[in-house]
Amino acid sequence: MRRITHAAGPDVEASGSTSSLVDRVFLFWARASLPRDRTAGIRKTKNNTHRSSQVTWLNDIVTSVNDILWSYVLIIMLVGLGIWFTARTGFVQVRLLPEMVRLVGEGAGAQPRKGHISTFQAFCVSTASRVGVGNIAGIAIAVVTGGPGAVFWMWVIATLGAATGFVESTLAQVYKVPKKGGGFVGGPAYYIGNVLGSPFFAMVFSVLISITYGLIFNSVQANTIALSMQTSFGVSPLVAGIGIAALTGIVIFGGVIRIAKIVGWMVPFMAGAYLLLAFIVTVMNITMVPEVLATIVRCAFDFDAVLGAGFGMALMTGIKRGLFSNEAGMGSIPNAAATADATHPAKQGLVQALGVYVDTLFVCTASAMIVMLSPDWQTAGVTGIELAQHSLAGQLGDWTNVFMTVIVLFFAFSSIIGNYFYGEVNMDFISHSPAALPIFRGLVVLMVFFGSIASLGLVWNLADLFMALMAILNLIAIAMLGRIAYVVLEDYCAQKRAGVKNPEFDPSVLPSSKGVLAWPRHPEEEIQQER
């Protein structure tokens, strides 16, 4: 999805103007209190200076830790496990690609059981979360800073990440938990706690993802929407914030079923519209496409670049951007995968592996083509979303600026909904209190509103740290449980080879039944079991 310092950094800096309202409110309050204590302002200035230095010091520490985790630890773990899972599954992400496409197409027309989420809806929820503004702005930045070769390494990382995505989503399906009244929940917290026997780390994961995705990331997306509406349509951040918060509340207070239905049409629409525009630009410049593709490959392996810093920059930029974008291994996607009402765990593993491709090979590549087919992308003097808008306007006209703004709004709002979904799934693990979920929903709405009108620099930086920690917990867990996913995959493939059109999962094939609560599946009856 996103590492905030990469994808949302420009948003943080640009949101300074939106904080003026908060500043004016604060100044009004400070002046009103001055007659009662004429020295209060002096003391407050000193305290604020001291507090500011403490915040700066803490922010510097968090940034340093993030740089180590994201530049070394996580890259080694994510790439290493991607290679390992690719080998152990026999390149599942390549040899079963036709089956992935078939499952998504088949699921698009299927009606889920009452109270359940279909395979296709779970796919749309995960896509809503990972396909965000970073797929436009982040790719433009990657091409400028890392060169065209960065795109090639993004493709490589997506291919490896698809294997990781298969493993974690398959595990989430195997160890999902039935909910009272129908439906399922699951994800890393559940297989860490119920299978690996680590309730403490399971709770840590649940809290981290609920705060990071449900609250902080959603404030980032709301900030992006508010800034876009202010820049393009002159809508004040306050008004935008009220509108975004209201829409968010309407959707999330309807629960996961309503969310699944909404993203079920929103994701195909927004992704389809953006890909269609990229396709039009590509067709208009079809004679340049071979040259652009050749440039991408040449810059990834250029001998002159290898001798200098260019190769390393392209490699690292492509790896980081690819990992941050497709979220494979981060521990977020399994929370959506677990909710699907599938007949076999491998189905959702394959579907979510395809989601990695949709994110990177389709949407991110579309952004790269839009930028690189522009004749002046290297000399335009802009980057991020501005570069994408500049490239489109040069090809199709200024009307595309409004189109891009609308696309950004859809991408950002769908991410808010997808992010919240992960939080709700984990709130079921954190607390069974009837009040817990309404309180969490209220906090999400408040953070969406507050993120629209204010910059939350340190908080957003902390989210990077939280996301890194939850990713490490998930990667350790799936490395330990990977053998279960291999058994499930072999069972699925064996049934397909035997001519079974719709494989059904029998948990007796597993080496242990520990943590298996939702299998065998009971297709004709509503599950009323509570974990």
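The values are calculated or read from the model by the stated rules, or taken from the named source; none is laboratory data. Keep in mind that what you see is a predicted model, and the values were worked out from it rather than measured. Here the Cβ is made from the backbone with ideal geometry for all residues, glycine too, and neighbour counts use every protein chain on show.
Structure notes:
- In region 164-178, the count of residues that are of a type in the set (Lys, Arg) and not in a helix (DSSP H, G or I) is one or more.
- Take the conditions (1) under 16 Å from the mean Cα position of the chain (by Cα); (2) not in a helix (DSSP H, G or I); residue 135 misses just one of them, which is (2).
- Checked against (1) closer than 30 Å to residue 485 by Cα; (2) touching a helix residue (DSSP H, G or I) at 6+ places or on another chain (Cβ under 8 Å); (3) not acidic (Asp, Glu), residue 382 meets all criteria but (1).
- Restricted to region 106-127, and to residues there that are at pLDDT below 85 and out of contact with any strand residue (DSSP E or B) (no Cβ under 9 Å at 6 or more places or on another chain), the residue that is nearest to residue 254 (Cα to Cα) is 115.
- Leading residue by the ranking (nearest to residue 70 (Cα to Cα)) among those in region 443-499 that are small (Gly, Ala, Ser) and not in a helix (DSSP H, G or I): 455
- The set of residues in region 390-411 that are surrounded by fewer than 21 Cβ atoms within 10 Å (Cβ to Cβ) and of a type in the set (Ser, Thr, Tyr) contains only 405.
- For the residues 469, 517, the requirement of being of a type in the set (A, V, I, L, M, F, W, C), within 23 Å of residue 214 (Cβ to Cβ), in contact (Cβ under 8 Å) with a residue 24 or more places away in the chain and surrounded by fewer than 21 Cβ atoms within 10 Å (Cβ to Cβ) singles out 469.
- Of all residues in region 54-85, those satisfying the criterion of being among the aromatic types (Phe, Trp, Tyr), under 23 Å from residue 167 (Cα atoms) and either modelled with pLDDT of 85 or more or over 22 Å from the mean Cα position of the chain (by Cα) (or both) are 72, 84, 85.
- Residue in region 424-433 that is under 23 Å from residue 220 (Cβ atoms), assigned to a helix (DSSP H, G or I), among the acidic types (Asp, Glu) and under 20 Å from the mean Cα position of the chain (by Cα) present: yes
- Selection status of residue 203, under 23 Å from residue 268 (Cα atoms) and among the aliphatic types (A, V, I, L, M): no
- Helices (runs of 4 or more DSSP H) fully within region 186-297 counting 3 or more residues that are surrounded by fewer than 24 Cβ atoms within 10 Å (Cβ to Cβ) and modelled with pLDDT of 90 or more: 199-209, 237-252, 255-284
- Residue 386 vs. criteria more than 25 Å from residue 238 (Cβ to Cβ), charged (D, E, K, R) and either touching a strand residue (DSSP E or B) at 6+ places or on another chain (Cβ under 9 Å) or not in a loop (DSSP other than H, G, I, E, B) (or both): no
- Members of region 336-371 that are among the polar types (S, T, N, Q) and out of contact with any Asp or Glu (no Cβ under 7 Å at 6 or more places or on another chain): 339, 348, 352, 360, 365, 367
- Region 412-426: number of residues that are crowded, with 24+ Cβ neighbours inside 10 Å and within 20 Å of residue 184 (Cβ to Cβ): 9
- Restricting attention to region 127-157, the residues that are crowded, with 24+ Cβ neighbours inside 10 Å, among the polar types (S, T, N, Q) and farther than 13 Å from residue 370 by Cα total 2.
- Single unsatisfied condition, residue 102 versus (1) touching a residue at least 12 places away in the same chain (Cβ under 8 Å); (2) over 21 Å from residue 368 (Cβ atoms): (1)
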